[in-house]
1. Which one is modelled with the lowest pLDDT among residues in region 104-149 that are over 22 Å from residue 55 (Cβ atoms) and touching a strand residue (DSSP E or B) at 6+ places or on another chain (Cβ under 7 Å)?
2. Return the only residue of 37, 46 being modelled with pLDDT under 95, under 22 Å from residue 128 (Cβ atoms), out of contact with any helix residue (DSSP H, G or I) (no Cβ under 8 Å at 6 or more places or on another chain) and assigned to a strand (DSSP E or B).
3. Could you say whether any residue in region 7-15 is in a loop (DSSP other than H, G, I, E, B), in the same structural domain as residue 89 (by TED's automatic domain parsing) and either surrounded by 10 or more Cβ atoms within 10 Å (Cβ to Cβ) or at pLDDT below 60 (or both)?
4. Could you list, in sequence order, the residues of region 174-195 that are surrounded by 13 or more Cβ atoms within 10 Å (Cβ to Cβ) and over 14 Å from residue 234 (Cα atoms)?
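The values are calculated or read from the model by the stated rules, or taken from the named source; none is laboratory data. Just so you know, these numbers come straight off a predicted model, no measurement behind them. Glycine also receives a Cβ, built like all others from the backbone with ideal geometry; neighbour counts cover every protein chain displayed.
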């Protein structure tokens with residue numbers, strides 16, 4: 001009987017991969033955090049208690065239009081629009097004292113352009129020591145410009161709406177008044193707050209309602225219409241002469257998804273619509 005050969009524990013196994021012998025790098029939370037911050041889409045600026053930049057990420061360099069290596073040591077006041085510096089300093093002081101701050105301000109790029117940013121600032125404390133603040137900044141310039149454009153557009157519309165000599169009313173898809181101008185108040189005897197939210201049908205004689213509803217449905221479909229009808233004033237009297245109404249669908253140039261049904265009324269004898 002021959003003595004059996006002892007099997008090697010590695011016998012039959014392939015050669016170890018080349019990197020198997022390399023020591024795996026230990027997980028470093030601080031390194032991982034730094035890499036995450038570096039690739040964030042929002043700008044991140046770390047500021048010391050002296051209000052000078054300690055570090056920033058690539059998004060911050062792009063926002064300010066400066067080389068990344070040039071940001072450390074830069075005074076915060078050099079990055080903030082002159083009119084905003086005092087306000088920002090007060091908010092940053094509150095952040096240093098432990099109060100998270102959220103606000104909007106204007107920053108200045110290397111070329112002198114101003115950008116509107118939304119800022120969130122928190123105190124930076126490491127091992128119990130206050131080092132400064134960490135601020136994230138998001139460029140909201142285009143968003144603010146769109147809001148301003150919308151506000152101007154709506155202001156122009158309100159001015160035309162209120163100053164028009166024609167009676168103008170707008171309705172939602174269910175036929176309820178949403179707005180009512182001054183001329184409409186005069187011919188109807190109602191104040192706008194009495195009608196907003198109310199259905200228009202009770203203001204019309206029974207024999208006029210089908211015609212008005214038909215034109216309303218056409219307006220909902222995007223068609224412009226023109227028809228004459230009488231209606232009841234607040235005092236209960238029907239208008240002595242028919243009123244001519246134009247119906248259409250109004251779309252906001254800034255909010256294309258928003259639309260209202262618009263009716264414009266004049267006396268039939270004094271109006272011509274083209």
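1. In the first step, residues of region 104-149 are kept if they are over 22 Å from residue 55 (Cβ atoms); the result is 104, 106, 111-114, 116, 140-149.
Then keep just the ones that are touching a strand residue (DSSP E or B) at 6+ places or on another chain (Cβ under 7 Å); that gives 104, 106, 114, 116, 140-141, 144.
Numbers: 104: 95, 106: 96, 114: 95, 116: 96, 140: 95, 141: 94, 144: 91.
Going through the qualifying residues, I end up with 144.
2. Values: 37 fails: assigned to a strand (DSSP E or B).
Answer to the check: 46.
3. The initial filter retains those residues of region 7-15 that are in a loop (DSSP other than H, G, I, E, B), namely 7-15.
Narrowing the set further to residues that are in the same structural domain as residue 89 (by TED's automatic domain parsing) leaves none.
The answer is no, given that none of the residues of region 7-15 is in a loop (DSSP other than H, G, I, E, B), in the same structural domain as residue 89 (by TED's automatic domain parsing) and either surrounded by 10 or more Cβ atoms within 10 Å (Cβ to Cβ) or at pLDDT below 60 (or both).
4. Step one: filter region 174-195 for residues surrounded by 13 or more Cβ atoms within 10 Å (Cβ to Cβ), giving 175-185, 187-190, 192, 194-195.
Answer for region 174-195, where residues must be surrounded by 13 or more Cβ atoms within 10 Å (Cβ to Cβ) and over 14 Å from residue 234 (Cα atoms): 175, 176, 177, 178, 179, 180, 181, 182, 183.
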